[in-house]
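What follows is calculated from the coordinates using simple rules that are stated; it is not laboratory data. On a predicted model such as this, the values are computed, not experimentally measured, just so you know. Glycine also receives a Cβ, built like all others from the backbone with ideal geometry; neighbour counts cover every protein chain displayed.
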Amino acid sequence: MKALLVDDERNGREVLRTLGEWEQNGITVLLEASDGKEALELIASEQPDIIFTDIKMPRMNGIELMEQLHAADFRGKCILVTGYDDYQFMRKAIQFNSFDYLLKPIDPEAFTKVLENVTQAIIADKQSLENEAEVLGDARRLLLEQQVSALCTGELNDFSILQEILPQKEKIDITLLSFYHMHQPAPILDTLRHELHRYAIGDVFRFRQEENIYIVLSAADHWLQIENWLRQHLGLPVRLVQKTLHALEEISTVFEHLTVELAEHRYRTIKRLEELESEQRGQDIVAYVQSYYMEDVSLERLSKLFFLSKEHISRKFKQETGLTLSQYVTDCRMKQAKQWLNKTNKTMYDIARLLGYQDEVYFSKLFKKEIGLTPTAYRTQRNERGAR
């Protein structure tokens with residue numbers, strides 16, 4: 001808050017400056033003026049919240065200053081300070097909405113009380129204005145959401161509403177976000193709306209005819225940016241359908257198409273960061289096994305390499321490949337064995353050792369179990385076919 005001390009006597013201003021517990025009452029800027037005219041110039045440029053003004057001053061006295069401020073609808077608080085206990089002054093002070101009235105010499109306790117009261121009144125007024133602005137903003141937002149919902153259902157055809165609120169782009173993406181009924185996504189989507197406004201790339205509207213469906217209208221080349229934001233901030237599962245509007249007049253037709261897609265479960269989901277990270281790590285594990293299947297790729301080794309439990313890796317690996325880890329490793333090794341048997345003269349012993357098997361006999365039995373032939377029979381059969 002800012003306060004202005006107006007007195008033609010420097011000593012009078014100094015007394016107020018010294019007595020006031022300014023910072024304790026939230027006043028961080030303290031201004032001074034020597035008469036009403038100088039005060040008006042400071043008020044115009046600095047917009048102080050509180051004015052302490054002497055009454056008897058040259059050029060423009062305190063009452064004249066208050067009269068000017070009253071005519072200009074000044075929203076701050078004025079306290080008259082005078083050495084005259086004059087009823088006429090008090091009447092004028094009341095007429096021009098003076099907050100309070102102090103007599104010189106200033107009583108420290110009375111001044112402290114007035115300062116506390118006026119700062120609390122300023123805080124209350126600001127809170128009241130903020131509440132009024134919030135209520136008004138909510139009412140405007142509700143009306144806008146009702147209008148956008150009516151445009152989507154074809155009940156309204158005034159497309160100028162969208163032209164005023166959307167970025168001036170040739171193409172606009174319309175995206176429907178559908179949440180489960182027990183979830184409350186409103187706070188996150190309110191934040192998203194502020195982000196879209198901040199970058200002037202779109203808006204978010206709650207569909208008023210159905211709970212937990214939100215409409216995102218955004219510049220067609222910015223959806224990836226928006227989805228990344230959702231991925232980072234949204235902790236709820238969400239179903240998504242999307243289509244590009246080539247003209248705003250298409251909105252009801254496209255909206256109907258998207259609602260059908262939702263109803264028929266032809267949607268996709270936005271995966272959260274932890275889900276993406278888990279998915280990526282699963283793919284990394286599979287890629288590692290594909291590269292090092294001839295080495296020790298036990299669950300224990302993978303657990304140490306990827307800092308995940310053996311149970312988690314086992315479960316994730318089966319989800320990614322449809323096979324257990326041991327089945328997948330065996331499958332990779334048998335495919336490699338067939339290539340060597342077909343295209344090289346490597347011995348069974350060498351192939352077994354290269355594939356990570358210490359026992360040639362075990363390798364031969366495993367190969368027959370998986371392929372249906374022993375390695376020797378497989379090679380012989382291939383050679384016979386090649387000779388024909």
**Fill in**
Calculating P(r) over Cα pairs in 20 Å bins from 0, in percent from this structure picks out, from (1) 24, 42, 26, 7, 0; (2) 26, 56, 18, 0; (3) 20, 22, 26, 18, 9, 5, 0, entry (3)
**Asked** the stretch 112-133 to the stretch 320-342: how many Å between their Cα centroids?
**Response** 76 Å
**Fill in**
Between the modelled labels at Glu370 and Lys169 (7 Å from Cα along Cα→Cβ) the distance in nm is 5.0 nm
**Filter on Lys2/Lys113; Lys2/Lys37; Lys37/Lys77; Lys304/Lys365; Lys346/Lys369 - keep pairs with C-alpha separation over 24 Å** = Lys304/Lys365
**Item:** Theoretical gain in end-to-end length, His197 to Leu19 [0.36 nm per residue, Cα-Cα removed]
**Value:** 59.4 nm
**Message:** Nearest 5 percent is fine: what portion of the DSSP beta bridges confined to the chain is antiparallel?
**Reply:** 55 percent
**Message:** For the chain, take the longest principal axis of its alpha carbons; what is the angle in degrees between that and the long axis of helix 108-153, to the nearest 10 within 0 to 90?
**Reply:** 50 degrees
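Just add up the charged neighbours of Arg301: K/R +1, D/E -1, any other residue whose Cβ is under 11 Å from the Cβ of Arg301.
Surrounding charge for Arg301 is -1.
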**Asked** What net charge is computed for the residues neighbouring His246, neighbours being all others with C-beta under 15 Å from the C-beta of His246, Lys and Arg scored +1, Asp and Glu -1?
**Response** -2
**Complete:** With R₀ set to 45 angstrom, the calculated FRET efficiency between the beta-carbons of Gln47 and Glu264, to the nearest 0.05, is 0.15
**Message:** Can you give the FRET efficiency to the nearest 0.05 for Thr112 and Lys37, using r as the Cβ-Cβ distance and R₀ = 30 Å?
**Reply:** 0.50
**Request:** Under 12 Å Cα to Cα from Lys338, which aspartates and glutamates show up? Leave out anything in the same chain fewer than 8 places away.
**Result:** Glu370
**Message:** Can you give the local net charge around Glu155? Use residues other than it whose beta-carbon is closer than 15 angstrom to its beta-carbon, Lys and Arg +1, Asp and Glu -1.
**Reply:** -4
**Message:** Could you tell me how far the Cα centroid of the stretch 165-230 sits from the Cα centroid of the stretch 1-66, in Å?
**Reply:** 49 Å
**Principal-axis tilt of helix 375-387 within the chain, Cα atoms, nearest 10 degrees** = 80 degrees
**Request:** Run the numbers on the chain and let me know its relative contact order in percent, using alpha-carbon pairs under 8 Å that are six or more apart.
**Result:** 9 percent
**Fill in**
Nearest-0.05 FRET efficiency for Lys304 and Asn228 at R0 = 30 Å, using Cβ-Cβ distance, is 0.40
**Message:** I'd like the orientation of helix 10-19 relative to the chain: the angle between its Cα long axis and the longest Cα principal axis, in ° from 0 to 90, rounded to 10.
**Reply:** 50 degrees
**Request:** Determine which residues of the stretch 162-195 fall in the zone a paramagnetic label at Asp221 would reach in this model, i.e. backbone nitrogen under 12 Å from the point 7 Å along Cα→Cβ.
**Result:** 169-171
**Prompt:** Can you give the helix-only mean residue ellipticity at 222 nm for the chain, where every DSSP H stretch with n ≥ 4 adds -39500 (n - 2.57) and the sum goes over all residues, rounded to the nearest 500 deg cm²/dmol?
**Reply:** -18500 deg cm²/dmol
**Request:** Pick out which of Ala337, Ala71, Ala220 has the largest mean-square fluctuation in a Gaussian network model of the chain, springs linking Cα atoms closer than 10 Å.
**Result:** Ala71
**Message:** Below 17 Å, Cα to Cα, which aspartates and glutamates can Lys243 reach? Residues fewer than 8 away in the same chain don't count.
**Reply:** Glu170, Asp173, Asp203, Asp221, Glu227, Glu256, Glu261, Glu264
